[in-house]
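Below: the structure, in structure tokens.
The values are calculated or read from the model by the stated rules, or taken from the named source; none is laboratory data. Note that this is a predicted model, so its numbers are computed, not measured. Positions of Cβ are backbone-derived with ideal geometry, glycine not excepted, and every protein chain shown enters the neighbour counts.
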Amino acid sequence: MISFSKKGSTLLGTNLKRFRLIAFLEGISFIVLLFIAMPIKYVLGDPLMVKYIGMGHGVLFLLFVFLLLVTAREYKWKISFISMAFITSLVPFGTFYLETKLKVIDN
């Protein structure tokens, strides 16, 4: 069972740790979608990878937004930081930049 409490005993026991993981995975899925699946679709004419990678990316994006809101509320982040974090999810490699900011908070 996943606990959303601040005190957890697992490796991903805090919302911030979960958010960092999902942000990383969302960034990877975005890169794979843009630079592998879409070229395969448009160069080779095979849309199957876009369908499945896109679906996975969509789920990860929704989890990213959900955990962003939960974590922002818990850590009382300013709207400017929340906005920056959201915008990083829309830019290729953006969530990796966000990771550098989140690592400082998590330590």
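Brief remarks on what is shown
- Every pair of residues 6+ apart whose Cβ atoms lie under 8 Å, when the first sits in segment 52-68 and is farther than 15 Å from residue 94 by Cα while the second is among the acidic types (Asp, Glu): 63/26
- Meets criteria (at pLDDT 95 or above and part of a helix (DSSP H, G or I)) for residue 60: yes
- Segment 97-107 - residue that is under 9 Å from residue 23 (Cβ atoms) and in contact with a Phe, Trp or Tyr (Cβ under 8 Å, 6 or more places away or on another chain) and, of those, surrounded by the most Cβ atoms within 10 Å (Cβ to Cβ): 102
- Scanning segment 8-37 for residues that are among the small types (Gly, Ala, Ser) and at pLDDT 95 or above returns 23, 27, 29, 37.
- Given (1) polar (S, T, N, Q); (2) over 14 Å from residue 21 (Cα atoms); (3) touching a Leu at 6+ places or on another chain (Cβ under 9 Å), index of the condition residue 80 fails: (3)
- Complete set of residues in segment 89-104 that are without any contact (Cβ under 8 Å) to a residue 12 or more places away in the chain and under 13 Å from the mean Cα position of the chain (by Cα): 90, 91, 97
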